[in-house]
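Encoded as structure tokens, the structure appears first; notes follow it.
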Amino acid sequence: MGLENVIAEALPEVLTTRLDSLINWARKSSLWPATFGLACCAIEMMNATTSRNDLARFGAEVFRASPRQADVMIVSGRVSRKMAPVLRRIYDQMPEPKWVISMGACATSGGVFDNYAIVQGVDKIVPVDVYIPGCPPRPEMLIHAVMMLQDKVMKESVRDRRDVPEEEARQAVVPGTLPVTDGSTARQNTLPESRPYTIASRHERRRSS
Amino acid sequence: MSSATIPPQFEIVDQPLDTQMTISMGPQHPSTHGVLRLELVLDGEMVVKTTPDIGYLHTGMEKLFEYKKYQQGIVITDRMDYLNPLGNNLAYVMAAEKLLGLEIPTRAQVIRVLMCELQRIASHLVWLGTHALDIGAMTVFFYCFREREKILNLIEAASGGRMTPSYFRIGGLMMDLPAGFENRCKQFLDNFPKAVDEFHTLLSGNRIFQRRTQGIGTISAEDAIDWGLSGPCLRGSGVNLDIRRANPYSGYENYDFEVPTEPDGDVWARYMVRMREMKESHKIATQALARLQPGSVKADAPKVVLPDREAMKSHMDALIHHFLIVAEGFDVPAGEVYHPIEASKGELGVYMKSDGGPKPNRVHFRGPSFVNLSALPMMAEGEMVADIVAIIGSLDVVLGEIDR
Amino acid sequence: MSEQVPSPDTTPSPLVTALQHEHPEWINEVIYAFGETTIIVPREQIVAACSFLKTWPEGQFNFLSDICGADRGVEEEPRFEVNYHLFSTTKHHRIRLKVVLNEDDTHVPSVTGVWRTANWHERETFDLFGVIFDGHPDLRRILLPDDWQGHALRKDFPLRGYEPYSLK
């Protein structure tokens, strides 16, 4: 959003308490999640949106498929090593303000699967705001986590959420990360040169609250 | 465009307009039912070729089984086909029982059949909800999940977990059904056929749904068998094959049910097969509920099956057995078995190889979704992009089972 | 290594007897255990045996349930085995064919010409064990990432892999 940049640049010395409360109230009341259901927790996330446990009451009305229109990414399910760069790319595509809820034991810390294939905790890839334990957590727990996130949102300040300039964002997403079928790897013995998946963007230094 | 440099692998070559483009659908996509990536080669809107790219949910479960004792592996099987966890449990447990040569008491077998059929209904409800949601009917999604909540309540009452119950054990069940379960189950089963009729009213007569599903994604019976399809996908092409009839297990030969088949082989046929299967599952579940007789739910094998807690607290040998089973596990005779069951998606087979110790040497799950998805390129050639969504929905793929 | 585990029915099934009459060169060994029949087939004959079993009126094994690799252990010789689980949709019987391989020579002819479903199963066995199927139209990794080094389900591959995941 341009508002934060404008405020931060134009009024660096001014406290923005009232403005903060208003904007944070607006943000917390309409947190739109990005669909990032990976495995079993995704089904419980779907259960949280259905009529018995209605997540839409708390503002999470629409699950946006495009990350560019989403506020919160609920990582529900185990993140495998092949999926990890994709996760990072989706996170980078979300505009500020954005939050991450790590749902379930596998997203929080690898869960039952302490082996070669699963990333042991999604906080090795993206900064997480709320962790939910459980395998899978009940839908009520997801609703509680959304409410905890809302409390967290209320405590933030507007100037924390400045958007990242375009060049830096474009550098962070390396195109060509997904493989294209181009024949057999049975006879290739060379290691492809390692490339960085992303650069650490500014948001990751703000992990304190 | 600003001053961003284009990486060298994407250099623009001056060529006349090529009508074909390759795009990547997924892995994060609302309609691929999980983290599936499809590489589509499109000619305008028509699909020329599609290649599924899987592995985004690969969890290394088969390797984990080799490091865990047999009873610890039951927990992992829940997470495989997460819409049908009791089916996965059953396949694994029955393979181990085949190796051990255990005989399961009747009450345990009847409860296994009852829970598996309830689980099959729950799995088909999720299929119907998400399939209809992809095609555009949003109401059906909420109605299906409302019915599914009732089944999840029942499973949670019996085992403690809604979606990861781990209810079956090697040699029987975890514990007996709680008090009042039969009444609640009967209440659900009495009201269920009305719900299926409601879904039919919403979807089957709807011209939009019919236009979007009839004639789409056709596969013939010979191709279906050649590609290894099983379950409703195979029965939707006219092949009358159901593992519950072909290689019966757990007492299925005593139940009276039909195997629905449809001749056309398109999305509509698979839809009708699964709707009719829900009614057949309801029939089997009602019969199973009527057959429940008091009895034991664990096999008579003290070295394999955990004793009852009261016995464990009062008898010394039960305590010793409990300790040994939990701490060291039990030795399973060396050998290999392949045990297939009819899961909600098709033939779920477990290949279990033991070398005589408490941990298996190799466990392999033949996931039906893995094989069903391999037939997608054939079904999708020549269809529009929007039809791909309908075809994937009709195949009923669960990525947890494909990638394991 | 003939393991005749005593089971209630140790009479050789008529199918295997008939097969032994017609093509004895395909049968290295027969194992009956736990109600299942396993035939160990030499590696070069696997395609011929599979296509024969598919069309043979006694067999009619037109459905390939599963191809499953196994690693017997690092010091075992032969080390790898590939199991083919066949099923007949008309006669409802099952049989398992097994090919055993040494560690230094893990090539097997591919059966994708017999059943097209073998395509993905063989890719998975290649991916997880490193067994190379000659004649496969598209042999590449299917479950692990394309740039993965090593074959994950071998017994000498550690459970937790070689290094923890990091973004860089």
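The numbers here are math on the coordinates, done by the rules we state, and not lab data. Source: prediction; values computed, not measured. When we count neighbours, we look across all protein chains shown, and the Cβ atoms used for this are built from the backbone with ideal geometry, even at glycine.
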Relative contact order (%) - chain B, alpha-carbon pairs under 8 angstrom, separation at least six: 25 percent
Exercise: per-residue mean of other protein chain Cβ atoms within 10 Å, C:60-73: 5
Sites C:V16 and B:S204, calculated FRET efficiency, Cβ-Cβ separation with R0 60 Å, nearest 0.05: 0.80
Angle between chain C longest axis and helix C:46-55 axis [Cα atoms, degrees, rounded to 10]: 50 degrees
Sequence-separation-based contact order of region A:32-153, relative, with Cα cut under 8 Å and 6+ spacing, percent: 27 percent
Expected-Rg normalisation [2.2 N^0.38 Å, Cα atoms] applied to the protein assembly as shown: 0.97
Whether region A:32-153 is rounded, prolate or oblate, judged on the alpha carbon gyration tensor where a/c under 1.5 counts as rounded: oblate
Label-to-label distance, nm, for residues given as B:I320 and A:S51 (7 Å Cα→Cβ offset): 5.8 nm
Distance from region B:56-101 to region B:325-350 (C-alpha centre basis), Å: 7 Å
Restraint check, A:K82/B:K49; A:K28/B:K186; B:K283/B:K359; B:K186/B:K345; B:K353/C:K91, Cα-Cα greater than 32 Å: A:K28/B:K186; B:K283/B:K359
Sequence of B:Y255, B:Y92 once ranked by neighbouring C-beta atoms within 10 Å, starting from the fewest: B:Y255, B:Y92
Rounded to the nearest 20 debye, dipole of chain B from Cβ charges on Lys, Arg, Asp, Glu: 1400 debye
Global form of chain C, assessed from the alpha-carbon gyration tensor, a/c cut-off 1.5: prolate
Förster radius 41 Å - calculated FRET efficiency between C:A48 and B:Y67 (Cβ-Cβ, nearest 0.05): 0.60
At R0 = 51 Å, FRET efficiency that the Cβ-Cβ distance of B:Q20 and A:W25 yields, to 0.05: 0.50
Percentage, to the nearest whole number, of Cα pairs in chain B over 42 Å apart: 18 percent
Shielding by partners, peptide B:283-295 (average Cβ within 10 angstrom, other chains): 0
Normalised contact order of region C:14-110, rounded percent, pairs of Cα under 8 Å and 6 or more residues apart: 26 percent
Rounded Å value of the spacing that divides the Cα centres of region C:66-101 and region B:229-296: 29 Å
Among C:I39, C:P137, B:T59 the positive-end extreme of the charge dipole of the protein assembly as shown (Cβ point charges): B:T59
Helix B:181-203 vs. chain B, principal-axis angle (Cα, 0 to 90°, nearest 10): 10 degrees
Order of B:S394, C:S65, B:S296, A:S21 under a 10 Å beta carbon neighbour criterion, fewest first: A:S21, B:S296, C:S65, B:S394
For region B:80-96, 3J(HN,Hα) per residue [Karplus equation, 6.51 cos²θ - 1.76 cosθ + 1.60, θ = phi - 60°, Hz, x = Gly/Pro]: 7, 8, 6, 8, 9, x, 5, x, 4, 4, 5, 4, 5, 5, 6, 5, 5
B:E328-B:N191 pseudo-label distance in nm [points 7 Å out on the Cα-to-Cβ vector]: 5.2 nm
B:D308 versus B:N254: modelled label distance in nm, points set 7 Å from Cα along the beta carbon direction: 2.2 nm
